[in-house]
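Below is one structure, written out as structure tokens, with a few remarks after it.
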Amino acid sequence: MNTAFIGLDYIVDIMHPSGKIAGSAAHAAARDVIGKANQLLDSARDKGWLSVLVKVGFSAGYVDQPKHSAMFGRVHEFGALVQGSDGMAFHPALHAEQADMVIVKPRVSAFYCTNLDAALRARRIERVVIAGVSSTWAVQAAARDAHDRDYQVVVVEDACAAGNEEEHQASMAMLARIAKIIRADEAATL
């Protein structure tokens with residue numbers, strides 16, 4: 001089955017201890033999320049899957065920032081999520097150079113106003129393997145959107161993190177209704 005790995009928001013501002021809005025950093029570190037993401041990038045390369053890394057960000061000057069958003073409305077106050085900034089760089093331990101594509105998204109979902117769906121359809125992708133930070137937001141949004149676009153959805157539980165373990169587990173329980181939930185070491189068997 002034609003498959004793509006989609007890694008979400010493995011960027012400094014969101015999940016590195018030095019990030020400006022890194023509420024998931026401790027949970028991600030405790031779960032070795034970057035190690036698991038690297039394992040998935042390796043599996044994708046070995047299996048010939050398309051690998052896509054997606055990160056959220058806004059143009060310099062925040063002209064495309066939704067100021068009314070409860071989630072993104074204040075990021076300019078912290079100087080976070082600016083395209084080209086150190087905070088939008090991928091986590092330094094992530095093997096981002098292995099990705100076939102990098103997409104910048106302007107909202108929570110990896111599909112919103114991006115060319116992700118077009119890239120997947122161009123490659124005749126049928127199944128998406130999703131992981132990222134945070135489980136509660138980016139992973140849920142991408143998985144739900146992929147489901148509604150008729151992709152078979154797989155979520156890699158141990159390559160995801162949230163604000164805490166309770167939030168993460170609640171997200172996985174919800175996603176189990178529309179996605180297959182696996183661990184990173186199972187991806188090689190897909």
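Bear in mind these aren't lab numbers, they're just calculated from the coordinates by the rules spelled out. Bear in mind that the values here come from a model prediction, so they are computed numbers and not experimental data. Note: ideal-geometry Cβ built from the backbone for every residue, glycine included; neighbour counts use all protein chains shown.
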Summed side-chain charge close to Cys113 - residues other than Cys113 whose Cβ falls under 15 Å, Lys, Arg +1, Asp, Glu -1: +1
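Ordered by packing density, taken as the mean number of other Cβ atoms within 10 Å over each peptide's residues, highest first, how do 131-140, 154-163 rank? Let's see the in-between values first.
Numbers: 131-140: 27.1, 154-163: 25.4.
Ranked from most to least packed, the peptides come out as 131-140, 154-163.
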Can you pull the three principal axis extents for the Cα set of the stretch 38-85, in Å, largest first? 42, 21, 16
Along principal axes, largest first, the alpha-carbon spread of the chain in whole Å comes out as 44, 35, 31
In debye to the nearest 20, how big a dipole does the chain give about its Cα centre with +1 on each Lys and Arg Cβ and -1 on each Asp and Glu Cβ? 440 debye
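For the peptides 71-80, 120-129, 9-18, 102-111, what is the packing order when you average, over each peptide's residues, the other Cβ atoms within 10 Å and list the highest mean first?
On the way: 71-80: 15.3, 120-129: 17.0, 9-18: 23.0, 102-111: 19.4.
Final packing ranking: 9-18, 102-111, 120-129, 71-80.
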Suppose we keep just the DSSP beta bridges with both residues in the chain; what percent of those would be antiparallel, to 5? 5 percent
Given unit charges at Cβ for Lys, Arg (+) and Asp, Glu (-), the dipole magnitude of the stretch 99-190 about its Cα centre in debye, nearest 20, is 440 debye
MRE, 222 nm, helices only [DSSP H, n ≥ 4, -39500 (n - 2.57), over the chain, to nearest 500]: -8000 deg cm²/dmol
